1. Give the residues of segment B:57-72 that are within 22 Å of residue B:143 (Cα to Cα) and in a loop (DSSP other than H, G, I, E, B), sorted by residue number.
2. Tell me, which residue of segment B:164-194 that is in a helix (DSSP H, G or I) and of a type in the set (S, T, N, Q) is farthest from residue B:40 (Cα to Cα)?
3. Could you please tell me which pairs satisfy a Cβ distance under 7 Å, a separation of 6+ or placement on different chains, a first residue in segment B:269-291 that is in contact (Cβ under 8 Å) with a residue 60 or more places away in the chain, and a second residue that is assigned to a strand (DSSP E or B) and of a type in the set (Phe, Trp, Tyr)?
4. Output the residue which, of all residues in segment B:332-363 that are in contact (Cβ under 8 Å) with a residue 24 or more places away in the chain and of a type in the set (A, V, I, L, M), is nearest to residue B:247 (Cα to Cα).
5. Considering only residues that are surrounded by fewer than 21 Cβ atoms within 10 Å (Cβ to Cβ) and either part of a loop (DSSP other than H, G, I, E, B) or in contact with a Cys (Cβ under 6 Å, 6 or more places away or on another chain) (or both), which ones fall in segment B:122-136?
6. So if I check each of B:125, B:148, B:165, which one is farther than 25 Å from residue B:268 by Cβ, touching a strand residue (DSSP E or B) at 6+ places or on another chain (Cβ under 7 Å) and in the same structural domain as residue B:37 (by TED's automatic domain parsing)?
7. Please identify the pairs in which a residue from segment A:191-215 that is in the same structural domain as residue A:302 (by TED's automatic domain parsing) has its Cβ atom under 9 Å from the Cβ atom of a residue that is not in a strand (DSSP E or B), counting only partners at least 6 apart or on another chain.
8. Counting only residues that are touching a Gly at 6+ places or on another chain (Cβ under 6 Å) and either at the interface with chain B (Cβ under 8 Å from one of its Cβ atoms) or acidic (Asp, Glu) (or both), how many does segment A:100-109 have?
There are 2 protein chains.
Amino acid sequence: MNRNRQLVVQKFGGSSLATEDLLRNVAERVCERREQGVDIVVCVSAMGDTTDELLGLANRLSGDRSPSPRETDALISTGELVSASLMGIAIRGLGHDAISLSGRQAGIRTDETFGSARIASIDPARVLRELERGRIVVVAGFQGLTLADDTTTLGRGASDLTAVAISASINADLCEIYTDVDGIFTADPRLVPNAEVISHIGYEEMLEMASLGAKMNPRSIEMAAVHKVPMLITSTFNRDAKGTKINNFQDQGTDMEIQRSITSVVTERSVARVTLHGIEDRPGIAASIMTPLADAGISVDVIVQNVSSNGLTDMSFTVGQEYLQRVAEITSVNEDVGYTELGTRDGLAKVSIVGTGMTNSPGYAARMFRALANAGVNIEMITTSEIRITCIVEQDQLAAAAKAIHSEFELETV
Amino acid sequence: MNRNRQLVVQKFGGSSLATEDLLRNVAERVCERREQGVDIVVCVSAMGDTTDELLGLANRLSGDRSPSPRETDALISTGELVSASLMGIAIRGLGHDAISLSGRQAGIRTDETFGSARIASIDPARVLRELERGRIVVVAGFQGLTLADDTTTLGRGASDLTAVAISASINADLCEIYTDVDGIFTADPRLVPNAEVISHIGYEEMLEMASLGAKMNPRSIEMAAVHKVPMLITSTFNRDAKGTKINNFQDQGTDMEIQRSITSVVTERSVARVTLHGIEDRPGIAASIMTPLADAGISVDVIVQNVSSNGLTDMSFTVGQEYLQRVAEITSVNEDVGYTELGTRDGLAKVSIVGTGMTNSPGYAARMFRALANAGVNIEMITTSEIRITCIVEQDQLAAAAKAIHSEFELETV
């Protein structure tokens, strides 16, 4: 491998590889890039809905039990092996030398948490050796191997994580994530028609956005931040897309010195709220409420607790609307928690602003709330972090809310 | 593992696993056997036509080139990984502990001949460890790993080979091969309606029959013979089938002391003959004819060369009818071979008798030829081995030929 050449990791997701023709199209893009004199590692997900289809089979065959996580990982990891070897074959068919590697062959070692294993280490020796032989290296995403020699998977959407981890291990110049959108937008273009693709964004902001539902794997952003892997989120299908670059702000050059204070408006439909009235205001009460939900695999989002009076208080929290009924069931039989009334409310949505520019700068919350008020949007709940302000609003007011905030912070003028 | 218990390897082919329901049915049979107190290793092929479908994809994606054998093996070996993990899941769903292992995890190491690799060694440590833990071990057939850490496949139909090799490595008491027929028949029941399942057969006879087209992988019989692995060929679908036991005759007990001299009639439809008239009778001429055919992957079967006159001779050989045109093309442009005339003839078939009983016992050939003559069947070519006599006959006389021979040697009275 000639390290005067650029070294790029390109990751393609399942929707970019859903059919034979799409896979061939991706192979062509990889080869075009190669012909520009770039060394390339391609990281692939399973084709289309392969993973879900295999999971369906596993569930049907396992009878009343859940399929064993170890066996499930052995099963679903084959989806990426198929797309990796087919990609190797397609690239070779276009006249370039290529080799496919399983996660194991790419040196990815994980812990034993089948289904959502964490990467313990990467030995990049084989990947580097194949690059040195002038080959395009295709790595099966989403998988690794335990010390006990069993195949693991890294969790849904974790092919991004494989791409970032490989990038870090071989010190790649760029990790490109190809998706079905042109990049990260200032707002959901379906809600805010004049939303724009953000050209640069910092890891922290991207992490907030990923955890707010932007289609990125938060663990991969975290790993990219830790290992300082520059990323580009761009489109498989639109060759004119410039994409969104994710890196540290100090790496973003002079044009970023005047930073936008707010980077984007992030929205999430289908939120529901649960309110427990008249609960005891004692240490551990929040844990008592949340633990059974966590055990059931339900993630709770915004949590708000009021000031108590007479030793009793109210607590509200939001969950994905699809979980509302189960949350109500689980909470109503929770003997560790006494309450006077359990209220539920669906048809809500979440709108947030994200931007490192708001750190230590007051006034953003006020501007956001006023913009919502002027648009006639009622705020149901509020929560904030260092670089984010989130409001829960009525679902049917979500578009109006997003547009009002987008306009207030002039995000259409990127 | 309690070695007072019986240890059995069970191999199920693709047609036994073609659908979800069939796979579940196989899992049930495995569990029933387990409940009889037997330790079990299950060896599986890919489900149904998976391998062919993956090969089709590979061919279409590789453009004008052939897909790389290494990438093809990486691709098609996933079929067995899928069926192995699904079998593990189905068995666990029925309440038994099971674990699936890839060929690599089962310790199978091969040479580097992608597409038809030879097993170099097996380290049974993991299989034995899992058996000792009381688990049913499911091994993905058809695959292994090279010393350079690449996945290989062992050739079409080679899941049998995996089963026999695993049996040898763990010293199994029996290697059961489950198929879509009740066992090995004295003749093809479609041609000879009163054909019977053979209860016992020796490795040598089975090897002759396998190379004559019986649906068994000759390499697996060879390996079973070398390592003295007793085998049972039986039916997945007919639970009443007793199957055919393959082992050494000395292991077959007193009832086999009066051995049948002839074990079976083996037939093969769709044979064609090529005759080269007036070729030079010199050393190397046969090699000159056969080498380009071998290079093209065409196997030549019966070869007959006449006594020469005037330094010229005739040579005839048979090939599968589907290869006739290519053989004629290849041979006609072969500059190493001069001939006066190239004749071809299709519409032929092959009928053989096999039996160790005929070793050193004259008269079997004469009885076979007379039976054919009495049935009005003309013999086109003859070839023999120590334990086999083969005649080439007209295709439309094949059934009559098989019936006549079957009756002559009283094979219906097993």
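The values are calculated or read from the model by the stated rules, or taken from the named source; none is laboratory data. Keep in mind it's a predicted model, so treat the numbers as computed, not measured. Reconstructed Cβ throughout: ideal geometry from the backbone, glycine too, with neighbour counts over all protein chains shown.
1. Within segment B:57-72, the first condition is being within 22 Å of residue B:143 (Cα to Cα), and the residues that meet it are B:57-59, B:66-72.
Passing the criteria: B:66, B:67, B:68.
2. Pass one, segment B:164-194, residues in a helix (DSSP H, G or I): B:164-170.
Subsequent filtering for residues that are of a type in the set (S, T, N, Q) retains B:167, B:169.
Details: B:167: 10, B:169: 14 Å.
The selected residue is B:169.
3. B:274/B:317
4. In the first step, residues of segment B:332-363 are kept if they are in contact (Cβ under 8 Å) with a residue 24 or more places away in the chain; the result is B:334, B:336-359, B:361.
Going one step further and asking which of them are of a type in the set (A, V, I, L, M), we end up with B:337, B:342, B:348-349, B:351, B:353-354, B:358.
Numbers: B:337: 45, B:342: 44, B:348: 33, B:349: 30, B:351: 24, B:353: 19, B:354: 16, B:358: 18 Å.
The selected residue is B:354.
5. Restricting attention to segment B:122-136, the residues satisfying the condition of being surrounded by fewer than 21 Cβ atoms within 10 Å (Cβ to Cβ) are B:122-126, B:128-129, B:132-134.
Matches in segment B:122-136: B:123, B:124, B:133, B:134.
6. Only one candidate qualifies: B:165.
7. From residues that are in the same structural domain as residue A:302 (by TED's automatic domain parsing), there are no pairs.
8. Matching residues across segment A:100-109 total 1.
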